[in-house]
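Comments concern the structure below.
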Amino acid sequence: MWTLVAVVAAIAATLAGASAAQCAEHATHEHFVSELYGFEDEADRGLPCMFAGTVATTREHELFYWLVQHMKGDPADAPLVIWVNGGPGASSQLANFLFHGPLRVVGDGAGVRRTNKTWAEIANVVYLDQPVGTGFSFGEPLLETMDQVTTEFTRFMQGFYALHPWTKTLPLYLTGESYGGKYLPMFTRALLDSGVQVEATLIGNPLVAPRNQRTAMHVLPTALGLLDQTQVAQVAALEKKCEESIANDPLASEEACKNITAFVEVVSANVHVYDARQFNYDFAPLEDAVVRYLSRPEVHRQLHVSHSTKTPVFEMSSARVGRALSLDNVRAYINVYEDLLARGAKMLIYAGEFDTKDGPFGQESWLRTLRFADEKAFWAQSRKIYKLASGHVGGYYRATANFSFMVVPKAGHYVPHNNYETSFSILQDYINQGSLVCHESLTSKNTEADAGCSVSASLCKALNECSGHGACDSITRGACTCDRGYALEDCSLKIERIAESQTGAIASKTIATHGIRWLGFAVESLEVSLLSEPCTFDVFIARDPAKQPTHLEHDVALRGQTKLRLNREALALPSGYRMTLRVNGLMERENLALNSTLRIFGTSAPTSTIM
């Protein structure tokens, strides 16, 4: 009688046998990898079925690829996944040997061994070194525009399909990270234009909008205490220069913006800007070991790149490639994303939370400017928790039919390296379902769609069910719709009107306060003067009369005031606007709450000064 273990083992053996048989069919292929230097076959499984070599894209240019066949079944039944690292000039062999390829370098580069943490368990994966000059790819001259890079990629795909015709009918997924935020949307658009279907484009920690992202690099280091308030002011000066150079002197912008990174590294004693949990010396040995291994002449022969004209034959990161594309570094690609979404392309952006350069804060900065059909629904919904099949938390995400954005915990810039389980689940979801899937809802008894991943109902509870002054959407948004006369996310702030009465009387209010007191006002067609004694007050203003400002979100902020006249013309305020006041009636050193009096005057005549 067969046991469950025996059945599973038999199925695994059958799948492995099918994969091995498929591999044997290609053993005579010119790029077949039959051996690798220092391979430690610990489980007597042999090398994975792999192909490596170059594809000529012009007479002078050859792009290197490393194809790993699907390892758990017939490769013809699995999709084709293309992976590109960023840079520009960063080799995709970093991902091959550190992220999700089937091999890991042993020690300081003496050999390689197999790993079970590989995307090849669910796909045929190609690790592509591009543009020319990157990794093992070689040729002159280097490319200087993204249009050139895109054209070369499409030529590579044509050559790759010619070398491996069995892959041409496979579902195609484009994946990558960092500068891939520029490469991949361009590649996707070019393939769609040529009639090649792209199932989805999945991009990790992308660089898309340099101005938005490079001027947000202080946020995470400040939150983690790597920068203090004095240093934040210094970084602000560097961000100013970066922003100005992007607009006015693109050639100088790369160095100007690099100064921000350099500053963070100096004051933090070389914290790894791609993962604020580490120092540079924590990650460098891992990368160095891969470089040492891939720099061996024996490996070059086995990977069919001995004919390379480049010195050195392999580079993990090419500064020359980066310099050649320096003008592209400052360009934003938001419009390309908008074009793809308008065409119905499926896209996912994900970002590791500990990336100081291209992490979640900078991503959301440019994503908030993205215009697409489902934009309103995308931002109105409450973020869901991405639950993995293991029960672990894989991330926090928003999603519409074709577009998703996920923040990945326990990860920096290199999400698949830091959080492999999540990266594998993301790819598997898109292959099997065409979108992210809440795995908890699939396994739980709850019949409500995505019940295990939605936090809408919990948000309504946290918001005190709108404080009794509104209705909360516990299904989709997890947000309150406040009754008339109340505002803020929990509807707890009562709003008073400052307006001329029907009899023509001008508004005047006196409010007694104790301790810290928040007050909300809707101002209509009046100039406002404020007077408080003995406590100071802070004023936060929103020009949109439908939006109540807070200390976190506002258009104008005036802090530490005792008397103030709000000049509508000087502050560019419309006839109707919203105002929130905080009376600062707490002496923290003495732990003493004070009484104070706030007087508000509304006048129809415009004032000329701000006091």
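The values are calculated or read from the model by the stated rules, or taken from the named source; none is laboratory data. Predicted, not measured: the structure shown is a model, and the values here were computed from it. Quick reminder, even Gly has a Cβ in these numbers, built from the backbone with ideal geometry, and neighbours come from all protein chains shown.
Collect the residues in region 391-412 that are part of a loop (DSSP other than H, G, I, E, B) and in contact with a His (Cβ under 9 Å, 6 or more places away or on another chain), keeping them in residue-number order. Matches in region 391-412: 391, 411, 412.
The residue that is surrounded by the most Cβ atoms within 10 Å (Cβ to Cβ), counting only those in region 225-244 that are in contact (Cβ under 8 Å) with a residue 24 or more places away in the chain and in contact with a Ser or Thr (Cβ under 9 Å, 6 or more places away or on another chain), is 242. Of all residues in region 468-487, those that are under 13 Å from residue 520 (Cβ atoms) have Cβ atoms under 6 Å from Cβ atoms of residues that are polar (S, T, N, Q), 6 or more apart or on another chain, in 487/548.
Across region 88-115, the number of residues qualifying as under 27 Å from the mean Cα position of the chain (by Cα) and either modelled with pLDDT under 95 or assigned to a strand (DSSP E or B) (or both) comes to 3. Given the condition surrounded by 16 or more Cβ atoms within 10 Å (Cβ to Cβ), basic (Lys, Arg) and more than 24 Å from residue 574 (Cβ to Cβ), answer yes or no: does some residue in region 535-551 qualify? Within region 535-551, none of the residues are surrounded by 16 or more Cβ atoms within 10 Å (Cβ to Cβ), basic (Lys, Arg) and more than 24 Å from residue 574 (Cβ to Cβ).
Considered as a group, the residues in region 268-295 that are surrounded by fewer than 19 Cβ atoms within 10 Å (Cβ to Cβ) and in a loop (DSSP other than H, G, I, E, B) include one that is farthest from the chain's Cα centre (by Cα), and that residue is 295.
A single entry from 359, 395, 391 fulfils the requirement of being in contact (Cβ under 8 Å) with a residue 40 or more places away in the chain, surrounded by 19 or more Cβ atoms within 10 Å (Cβ to Cβ) and not assigned by TED's automatic domain parsing to the domain that holds residue 330: 395. Filtering region 449-495 to residues that are outside any loop (DSSP other than H, G, I, E, B), charged (D, E, K, R) and either crowded, with 16+ Cβ neighbours inside 10 Å or within 26 Å of the chain's Cα centre (by Cα) (or both) leaves 465, 473.
In region 326-345 there is no residue matching the filter, namely being part of a loop (DSSP other than H, G, I, E, B), surrounded by fewer than 17 Cβ atoms within 10 Å (Cβ to Cβ) and of a type in the set (Asp, Glu). Out of 553, 527, 590, one residue alone is among the acidic types (Asp, Glu) and in contact (Cβ under 8 Å) with a residue 60 or more places away in the chain. It is 527. Taken over region 421-448, the criterion of being at pLDDT 90 or above and loosely packed, with under 15 Cβ neighbours inside 10 Å is satisfied by 432, 433, 434.
Entry remark, region 41-71: residues being of a type outside the set (A, V, I, L, M) and surrounded by 14 or more Cβ atoms within 10 Å (Cβ to Cβ) number 13 in total. Might you check whether a residue that is over 26 Å from the mean Cα position of the chain (by Cα) and either among the basic types (Lys, Arg) or buried (at least 24 other Cβ atoms within 10 Å of the Cβ) (or both) occurs anywhere in region 117-125? No, the conditions are met nowhere in region 117-125. For region 502-517, does any single residue satisfy the condition of being assigned to a strand (DSSP E or B), farther than 20 Å from residue 584 by Cβ and not polar (S, T, N, Q)? The answer is no; no qualifying residue exists.
Of all residues in region 72-87, those being surrounded by fewer than 22 Cβ atoms within 10 Å (Cβ to Cβ) and either among the polar types (S, T, N, Q) or in a loop (DSSP other than H, G, I, E, B) (or both) number 4. In region 129-154, how many are without any contact (Cβ under 8 Å) to a residue 60 or more places away in the chain and in contact with a Pro (Cβ under 7 Å, 6 or more places away or on another chain)? Matching residues across region 129-154 total 0. Restricting attention to region 185-224, the residues being surrounded by 17 or more Cβ atoms within 10 Å (Cβ to Cβ) and acidic (Asp, Glu) number 1. Taking the criterion of being within 28 Å of residue 292 (Cβ to Cβ) and hydroxyl-bearing (Ser, Thr, Tyr), the residues of region 23-69 that qualify are 34, 37, 54, 65. Taking the listed residues 150, 154, 188, 175, the one that is touching a strand residue (DSSP E or B) at 6+ places or on another chain (Cβ under 8 Å) and assigned to a helix (DSSP H, G or I) is 188, with no other qualifying.
Among the residues of region 160-184, those identified as surrounded by fewer than 24 Cβ atoms within 10 Å (Cβ to Cβ), in contact (Cβ under 8 Å) with a residue 60 or more places away in the chain and of a type in the set (A, V, I, L, M, F, W, C) are 160, 163, 166, 170, 172. Being more than 18 Å from the chain's Cα centre (by Cα), more than 24 Å from residue 213 (Cα to Cα) and surrounded by fewer than 19 Cβ atoms within 10 Å (Cβ to Cβ) is a condition met by no residue of region 402-420. All of 63, 47 fail the test of being under 35 Å from the mean Cα position of the chain (by Cα), assigned by TED's automatic domain parsing to the domain that holds residue 149, part of a strand (DSSP E or B) and at pLDDT 85 or above, apart from 63. The residue pairs whose first member lies in region 57-82 and is without any contact (Cβ under 8 Å) to a residue 12 or more places away in the chain, whose second member is assigned to a loop (DSSP other than H, G, I, E, B), and whose beta carbons are closer than 7 Å, counting only pairs six or more residues apart or on different chains, do not exist in this structure. If you check residue 28 against the conditions, is it closer than 30 Å to residue 155 by Cβ, at pLDDT 95 or above, among the polar types (S, T, N, Q) and in a loop (DSSP other than H, G, I, E, B)? In short, no.
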